[in-house]
Structures are given as structure tokens and as C-alpha cells.
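Undergrad: Before I ask anything, here is the structure I am working with.
The values are calculated or read from the model by the stated rules, or taken from the named source; none is laboratory data. In this text the structure is predicted, and so the values were computed from the model without any measurement. As a convention, Cβ positions derive from the backbone with ideal geometry for all residues, glycine included, and neighbour counts pool all protein chains shown. Each accessible area value is taken on the protein alone, full model and side chains, heavy atoms only, with ligands, DNA and RNA left out. Shrake-Rupley method; radii C 1.70, N 1.55, O 1.52, S 1.80 Å.
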Amino acid sequence: MASVKLGTLVIRTLAKPISEQLKTYAKSNQRFRTFCISLAQRLWRVEVRLRETLLGETHHSVKPLNDVKAIQNGANFLAEGFLFSVAASLIIAETWRSARSESRRREGIDDQIEELQNNVMRMTVAIEHLDEHFQTIGKELELERERRVGFCSNLHPLSGTLQS
């Protein structure tokens, strides 16, 4: 458990410099810079349109961002998106691991419950056999008592000899 938490912390720590590297790369690489500018301009247009719609203003043409601001905004969006995806992935992985652990615990409890139920069934059968055995012994004792009573009633009261 502690190793998982430590691994999560290491990944989060490593993700921050990687996101900063994305920002630096956006300034130095022409293709990535073009992508960031395009992304930032689209995001800017969506933001302005959404703001106008929410405030009830009429739509007008959106003035594009300058390239420096667009590169900065696009790179920031990608860096923040990267950090968010790392954090979301870690949360999902921890949730999955926790659910799997809980599932194993439940399976263990289910196995214990099943074993207890089997023990109860075996004990119930044993009790039923003992009950039958005691009933048989009780009947035998009753027969023996009746036989003795019958035998004793045939004895002469004073002599203790059998009467015919």
C-alpha cells in the first residue's frame, strides 16, 4: 500500500517537469508551435462564443490572439491537460486497485460464510442422527421397563417366586 502511494507521488513529481518541457518545446519546435497556435485560436473562439451566449450578447467576429499569446495559451492548455490526464489516470488506477482489493476481501468472506454454512449443515445432520439414536434408546428402555414390570407382576408377593 505504501509503495503504491510512493509510486503515485513519484509519477506526479515527474509529470510537472514534463509539462514544463512541453511549454518549452512549443516555443522551439515549428510544427508543435503551429499546433499550439491552432489549438489556442480554437479554444479562444469557443471561449468568446460561450461568453457571448451566456451574457446574451450578439455574436460578432472573434479577433484572433497574437502568436506569442496563442503559443503560450496552447502550450499551457497541453501542459495542464497532460497533468490532468496523469492525475486522472492515477486516481482511476487507485480506484481499480482498491476495488480489486475489496473484491478479494469479499471473496474471502464469502468463502468463510460458505464454510460456516457447511459446518452448520453437518452439525444439523449429526444432531438429527443423535436424536434418532436417543429415540431408539428411549424406546428400548421403555420396552425393558415394561418387560421388568411384567416380570415383577408375575412374582409371588411374599415369596418372590413365580406364580403360575
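Undergrad: What number of residues in region 53-62 are under 24 Å from residue 74 (Cα atoms) and over 44 Å from the mean Cα position of the chain (by Cα)?
TA: 4
Undergrad: Here is a further query. Yes or no: region 130-144 includes at least one residue that is within 30 Å of residue 14 (Cα to Cα) and free of Cβ contacts under 8 Å to residues at least 40 places away in the same chain.
TA: no
Undergrad: Output the residues belonging to region 4-18 that are farther than 14 Å from residue 91 by Cβ and modelled with pLDDT under 80.
TA: Passing the criteria: 6, 10, 13, 14.
Undergrad: What are the residue pairs meeting all of these: first residue in region 82-111, first residue in contact (Cβ under 8 Å) with a residue 60 or more places away in the chain, second residue β-branched (Val, Ile, Thr) and open to solvent by 60 Å² or more (accessible area, probe 1.4 Å), Cβ atoms under 7 Å, and 6 or more apart or on different chains?
TA: Short answer, once both residue conditions are applied: 82/18; 86/11; 90/11.
Undergrad: Something else about it: Does any residue in region 55-69 that is over 10 Å from residue 45 (Cβ atoms) come within less than 6 Å, Cβ to Cβ, of a residue that is open to solvent by 90 Å² or more (accessible area, probe 1.4 Å) six or more places away or on a different chain, and which pairs are these?
TA: Nothing qualifies.
Undergrad: On to the next question. Residue 70 versus (1) at pLDDT below 90; (2) out of contact with any Lys or Arg (no Cβ under 8 Å at 6 or more places or on another chain); (3) not acidic (Asp, Glu): which is the lone unmet condition?
TA: (1)
Undergrad: Can you tell me how many residues within region 36-73 are within 30 Å of residue 25 (Cα to Cα) and of a type in the set (Asp, Glu)?
TA: Residues meeting the conditions: 2.
Undergrad: Output the number of residues of region 129-146 satisfying the condition of being open to solvent by less than 100 Å² (accessible area, probe 1.4 Å) and among the charged types (D, E, K, R).
TA: The qualifying residues number 3.
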